[in-house]
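Asker: Pasting a structure below so you can have a look.
The values are calculated or read from the model by the stated rules, or taken from the named source; none is laboratory data. These numbers come from a predicted model, not from an experiment. Here Cβ is always computed from backbone atoms with ideal geometry, including for glycine, and neighbour counts include all displayed protein chains. The protein model used for the area step is the full one, side chains on, heavy atoms only, and it has no ligands, DNA or RNA in it. Shrake-Rupley method; radii C 1.70, N 1.55, O 1.52, S 1.80 Å.
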Amino acid sequence: MKLVSQTAEGLASMFPCECGDHGCPVHQGTSRCTESACAVAYRIDMEDETGTPMCAECAADAADSGVFRIEGGE
């Protein structure tokens, strides 16, 4: 059996964006984004081993908050 390692971007692309921020400018006023994920956002203020799959725009907003480290995207 061969194990294949995948990048954060590769794993994220298999999921929808999971941004749940009501104030996110990408989906303002709703807690759900309808885009596909292309990046993973990791909290830097606590232990976060799994991260949150996000689309590029939500990931950029999360990174601007200063509370997330982003892998993948663009």
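Asker: How much area per residue is accessible in the stretch 33-74 when the probe is 1.4 Å and only protein heavy atoms are counted (Å²)?
Answerer: Working: 2450 Å² over 42 residues.
Spelled out: the 1.4 Å probe surface of the stretch 33-74, per residue, equals 58 Å².
Asker: Using mean Cβ contacts within 10 Å as the protection proxy, how do 30-39, 63-72, 43-52 order, highest first?
Answerer: Top to bottom by mean Cβ count within 10 Å: 30-39, 63-72, 43-52.
Asker: Between residue 36 and residue 63, what length comes free when the chain is fully extended (0.36 nm per residue of separation minus the Cα-Cα distance, one decimal in nm)?
Answerer: 8.0 nm
Asker: Continuing with the same structure: With θ taken as phi - 60° and the coefficients 6.51, -1.76 and 1.60, list the Karplus ³J(HN,Hα) couplings across the stretch 31-36 in order, rounded to whole Hz; mark glycine and proline as x.
Answerer: Residue by residue, the stretch 31-36 yields 8, 10, 9, 9, 7, 7 Hz.
Asker: Label-point separation (nm) for residue 28 and residue 50, each offset 7 Å from Cα along Cα-to-Cβ?
Answerer: About 3.1 nm separates the two model spin labels.
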